[in-house]
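Attaching a single structure in structure tokens format; questions to follow.
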Amino acid sequence: MTHITHWINGALSTQKSDRHGDIYNPATGQVTGSVDFASAATVDVAVQAATKAFTEWRHSSLTKRVQVLFAFRELVHVNKEKIAALITAEHGKVLSDAAGEVTRGLEVVEFACGIPHLLKGGFSEAVSTGVDVYSIRQPLGPVAIISPFNFPAMVPMWFFPVAIACGNSVVLKPSEKDPSAAMFMAQLWKEAGLPDGVFNVVHGDKEAVDALLTHPGIKSVSFVGSTPIARYVYETGTKAGKRIQALGGAKNHMVVLPDADLNLAADAAINAGFGSAGERCMAISALVAVEPIADELVAKIKERMATLKTGDGTKGADMGPLVTLVHRDKVASYVEAGEKEGATLVVDGRNVKVDGDGFFLGPTLFDNVKPSMSIYKDEIFGPVLSVLRVKSYDEALKLVNDHPYGNGTAIFTNDGGAARRYQNEVEVGMVGINVPIPVPMSYYSFGGWKNSLFGDTHAHGTEGVHFFTRGKVVTSRWLDPSHGGINLGFPQNT
Ligand code: NAD
């Protein structure tokens, strides 16, 4: 049994915890450890450590910061398999998927290594006689990051490399369901030479989150999780005067036009619908087939689903378990609801057989889904793909734009003009053209629209640098040395 506690000021915390959570291996259903839950007092100790460390770290040279970032990048790179194993043991996703999320997180570390260039300000010489104006960007102070269970390494890495590169200190509260990856990365920061207290980890639930949202020492909060909590974090944090970016849930649509390559679209639907058991905020959960191709597309997807192996993510399966038994049962209840509401159940994942007590549910496919059904309206966050049949591009676009979520979407077509129109007209933050999961590269910014993001600023890229810094503009007047004062021997300015 492992016991996980907080990481404060470069060491495991000695704070006592009255409350704990169980950590499960979702593939076996067994409890494998426990995690301490932080009280407001423990959060305060972490914020104090971050505040103290900030006073020095904000003055560290850009050269020093980059050296630490490069060292951290190298350490994460060589330890990728170890981090992936920690993720699979607590989250359940297959090992290749876990290694993939570490790679995507690393790309943000690599982006942050370019911080000297990213922090360059502007300079206007001689806006008036002897007067120059320039802009600089300065760190905020201690910042909080609150992350979800589904990407325990990548989502924290959307934020903390950029925050630290900009000169801030960090208190991370990872998901209590899979806290080990964050702890491992904390040790790697120390090994990389990051001063103690610049990166801290507290574990816990609402109590720890509330303490971070209202602590006067915390200057900003980067949250990722479900929409109701994202909205709560945004409202509570902004009321406390903090800068907030709160990324919420999703219901991502994939529109397939009649001219699309249907084999490409079917492969994409499999990967984007069932990868990581559908527990991705960029998973495709609604496939909008523009007639007359629906019959053929559904047949192709069904055929491919028969080859998918559901099982333990360490043993060569294509799809692992869901994160908890409660979540598995919630997803299964949506399958029941879909049937009751009259959708056609093409493949029923409840029939999947895996030995042991793991939290498994097989890939599930519904056809003839209608916009009024709960399987379409709600984020299910499991391996359930719904096919909606429409008659035209306009009908497909209206469906996507009417949906309250707006995280990601994809269009499959061979018509460049149609794709171009979709990218222009769709009200969604991230768009793929013949690409089902259009997660932006680290040097662009990640974020959805509508109920998928509360706040103005997306994650990483230049928006991330802006989020973690405050702009300052300096207007300076230096009189010409010939003007007077100490005579330095300059000739009279004519
Ligand atoms: P969650 O909202 O349950 O938890 C997210 C974080 O909030 C965790 O750290 C958790 O401890 C904390 N939390 C939970 N309940 C809380 C409460 N009542 N008050 C305060 N804090 C609370 O989300 P999850 O189940 O861990 O993650 C899945 C969700 O995250 C899905 O909805 C998914 O779409 C979303 N997600 C979104 C993105 C994105 O980029 N938009 C990325 C990944 C995941």
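The values are calculated or read from the model by the stated rules, or taken from the named source; none is laboratory data. Bear in mind that the values here come from a model prediction, so they are computed numbers and not experimental data. Note: ideal-geometry Cβ built from the backbone for every residue, glycine included; neighbour counts use all protein chains shown. Heads up: the accessible areas ignore ligands, DNA and RNA and are worked out on the full protein's heavy atoms, side chains in. Shrake-Rupley method; radii C 1.70, N 1.55, O 1.52, S 1.80 Å.
Largest first and in whole Å, what are the equivalent-ellipsoid semi-axes of region 96-159 based on the Cα gyration tensor, each being the root of 5 times an eigenvalue?
38, 14, 6
Using only the Cα atoms of region 252-433, what do you get for the radius of gyration and for Dmax, in Å?
15.7, 51
In region 337-377, whose amide N lies under 14 Å from the spot 7 Å out along Cα-to-Cβ of residue 306? List them in ranges.
Answer for this model: 347-348.
Something else now. Starting from the 7 Å offset along Cα-to-Cβ, what nm value, one decimal, do you get for the label separation of residue 472 and residue 333?
About 5.3 nm separates the two model spin labels.
Ordered by residue, what ³J(HN,Hα) values in Hz, to whole numbers, does region 326-340 give under the Karplus form 6.51 cos²θ - 1.76 cosθ + 1.60, where θ = phi - 60° and Gly and Pro are x?
So the J values, rounded to whole Hz, are 4, 5, 4, 5, 5, 5, 4, 5, 5, 5, 4, 4, x, 4, 5.
If you don't mind, there's one more thing I want to ask. Once the cut-off is 25 Å, how many percent of the Cα-Cα pairs in region 177-291 end up in the long-distance tail?
Working: 3108 of 6555 pairs.
Distances greater than 25 Å cover 47 percent of the Cα pairs.
If you don't mind, another one. Return the percentage of antiparallel bridges among DSSP beta bridges fully within region 252-433, rounded to the nearest 5 %.
10
Using the Cα atoms of the chain to build a convex hull, what is its mean projected area in square nanometres?
Taking a quarter of the hull surface, the average projection is 27.6 nm².
Let me ask you something else. Report, to the nearest 10°, how far helix 393-402 tilts away from the longest principal axis of the Cα atoms in the chain, using its own Cα long axis and a range of 0 to 90°.
60
Quick one: angle between helix 262-274 and the longest Cα principal axis of the chain, in degrees between 0 and 90, rounded to 10, please.
It works out to around 70 degrees.
For residue 74 and residue 31, calculate 0.36 nm times their separation in residues minus their Cα-Cα distance, and state this gained length in nm to one decimal. Could the numbers behind the result be given before it?
On the way: separation 43, 0.36 × 43 = 15.48 nm, distance 3.25 nm.
Working it through step by step, the gained length comes to 12.2 nm.
Stokes-Einstein D for region 83-198 at 37 °C, 0.692 mPa s, Kirkwood Rh over Cα pairs, in µm²/s?
Result for D is 207 µm²/s.
Mind grabbing the accessible area of residue 302 for me, 1.4 Å probe, Å², rounded to tens?
Accessible surface of residue 302 is approximately 100 Å².
Could you name the lysines whose alpha carbon sits less than 16 Å from that of residue 239, not counting residues in the same chain fewer than 8 places away?
219
How far apart, in nm, are the 7 Å Cα→Cβ label points at residue 206 and residue 398?
For the pair residue 206/residue 398, the computed spacing is 4.0 nm.
Still on this model: Roughly how tilted is helix 227-239, in degrees to the nearest 10 and between 0 and 90, from the longest Cα axis of the chain?
20
Scaled to the compact-protein estimate 2.2 N^0.38 Å, what is the alpha-carbon radius of gyration of region 250-324, rounded to two decimal places?
That ratio works out to 1.16.
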